[in-house]
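Here the structure comes first, spelled out in structure tokens, and everything after it is commentary.
The values are calculated or read from the model by the stated rules, or taken from the named source; none is laboratory data. Because the structure is predicted, anything quoted here is derived from the model rather than measured. Heads up, the Cβs are rebuilt from the backbone with ideal geometry, glycines too, and the neighbour counts pull from every protein chain shown. To get the accessible areas, we keep the full protein, side chains included, count just its heavy atoms, and leave off ligands, DNA and RNA. Shrake-Rupley method; radii C 1.70, N 1.55, O 1.52, S 1.80 Å.
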Amino acid sequence: MRLQTQVSMPPTDILECTDGLRIYEDLPGVSSEDLAIDLGQNELTVQATSRYEAGESQAMRNEFGAMSYKRVFTLSDMVDRENIRAVGKDGVLDLFLPKAESMKPRRIEIKAE
């Protein structure tokens, strides 16, 4: 028996750092083979599927198990799209969206006259 897959937005934390944004998504039971991250012109889409087979048992209640996840992030011009990095470990996806060079803080040099 295969249980029907539910679709959910994964719990997500977004943190702003001096050099970019960090996005953490909780994706329990998702392997790297079942995870896709697609970059469009102005969107970053994360899609994943966790696998769970109930075997011969009849599920009376199913609060975890097979799940499909999807989350779409709108990107601003501040993101350096060429250097986005993703790492998955222990059911947590860690995305790093670096700031474009033109958006990073810089110090203005003062010249003495």
Could you check, for segment 92-107, whether at least one of its residues is aromatic (Phe, Trp, Tyr) and outside any loop (DSSP other than H, G, I, E, B)? yes
Output the residues belonging to segment 84-102 that are among the small types (Gly, Ala, Ser), over 15 Å from residue 36 (Cβ atoms) and either in contact with a Gly (Cβ under 6 Å, 6 or more places away or on another chain) or in contact (Cβ under 8 Å) with a residue 40 or more places away in the chain (or both). 91
Filter segment 7-31 for residues that are open to solvent by 90 Å² or more (accessible area, probe 1.4 Å) and of a type outside the set (Ser, Thr, Tyr) and give the result. 7, 9, 13, 14, 16
Residue match in segment 44-65 (condition: free of Cβ contacts under 8 Å to residues at least 12 places away in the same chain, assigned to a strand (DSSP E or B), touching a Ser or Thr at 6+ places or on another chain (Cβ under 6 Å) and on the phi < 0 side of the Ramachandran plot): no
Please verify whether residue 34 is farther than 17 Å from residue 81 by Cβ, open to solvent by less than 40 Å² (accessible area, probe 1.4 Å) and either of a type in the set (A, V, I, L, M) or modelled with pLDDT of 85 or more (or both), treating the condition exactly as stated. yes
Looking at segment 18-35 only, could you name the residues that are charged (D, E, K, R) and touching a Ser or Thr at 6+ places or on another chain (Cβ under 8 Å)? 25, 26, 34
Specify the residue that is nearest to residue 21 (Cα to Cα); the eligible residues are those in segment 69-91 that are assigned to a strand (DSSP E or B), open to solvent by less than 60 Å² (accessible area, probe 1.4 Å) and of a type in the set (A, V, I, L, M, F, W, C). 79
Has segment 54-61 got at least one residue that is within 20 Å of residue 7 (Cα to Cα) and either small (Gly, Ala, Ser) or at pLDDT 85 or above (or both)? yes
